[in-house]
Amino acid sequence: MLRHTLYPSARHALCWILCLLSCSGCTLFHPAPSPAASTAAQAWIAVGQEYLVEGDISGARQAFDHARRFDEAQPTLWHGLALCAQLEHNGPLAHERYQRALALAEQRAGDTHEADDSDRDREYVALLNNHARLLYDEGAIREACAEFDRAARYPAGIGNPITAQNLTLCHTISVAPSPL
């Protein structure tokens, strides 16, 4: 009767392979979504954005949550979920989702080498503006103004009336006389 035994070096190699697989688990167990899944997610994101325009926060949140089933790596998805949380006055959840959206947007910007992607640029400026507005409303004026300033430095932020309005708000507060 033959016994199958692993030699010490083979056992050691197998151990290393298992360790490597467990350390890189997120890429192995959650593969990148297919183009069809990304398209489906974008469609649900568009539905969620329409619900937001109509003022239906619950419908928007449901549409964004449905989009998560297809592709969670879309910054616009997390931006929409952050807006829902912000409109529902859930600051901690809104911050968490804005951070996820910003991280994904910055990662995506680093992954692409396109010189001019104006849609992505506009989306990022809107994301910065909305996150800064949340900070501002919570009283983190210095952080909010830094974020507004950051938005103004992008091509889509230059001449953007919302960015200009937000920066004016910051400059007005910074030069306002102190109360007597």
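Some values worked out for this structure:
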| read-out | value |
| --- | --- |
| Among residues of the stretch 76-100, those that are among the aliphatic types (A, V, I, L, M) and over 10 Å from the mean Cα position of the chain (by Cα), counted | 5 |
| Search result, residues across the stretch 136-147 that are part of a helix (DSSP H, G or I) and either open to solvent by 40 Å² or more (accessible area, probe 1.4 Å) or at pLDDT below 90 (or both) | 137, 141, 142, 143, 146 |
| Residue in the stretch 123-130 that is of a type in the set (Val, Ile, Thr), touching a Gly at 6+ places or on another chain (Cβ under 8 Å) and not in a loop (DSSP other than H, G, I, E, B) present | yes |
| Contacts under 6 angstrom Cβ, first residue in the stretch 139-152 being in contact (Cβ under 8 Å) with a residue 24 or more places away in the chain and closer than 16 Å to residue 95 by Cα, partner among the acidic types (Asp, Glu) and in a helix (DSSP H, G or I), 6 or more apart | none |
| Of all residues making up the stretch 55-101, the number that are among the hydroxyl-bearing types (Ser, Thr, Tyr) and farther than 10 Å from residue 45 by Cα | 2 |
| From the options 73, 152, 103, residue that is at pLDDT 85 or above, under 25 Å from residue 52 (Cα atoms) and more than 11 Å from the chain's Cα centre (by Cα) | 152 |
| Meets criteria (open to solvent by 40 Å² or more (accessible area, probe 1.4 Å) and either in the same structural domain as residue 166 (by the TED database) or among the small types (Gly, Ala, Ser) (or both)) for residue 120 | yes |
| Test for residue 123: is it modelled with pLDDT of 85 or more, touching a helix residue (DSSP H, G or I) at 6+ places or on another chain (Cβ under 7 Å) and within 23 Å of residue 165 (Cβ to Cβ) | yes |
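The values are calculated or read from the model by the stated rules, or taken from the named source; none is laboratory data. Predicted model, so just to flag it, every value in this text is computed and none were measured. Backbone-built Cβ (ideal geometry, glycine too); neighbour counts: all protein chains shown. We work out accessible area using only protein heavy atoms, side chains counted, and drop any ligands, DNA or RNA first. Shrake-Rupley method; radii C 1.70, N 1.55, O 1.52, S 1.80 Å.
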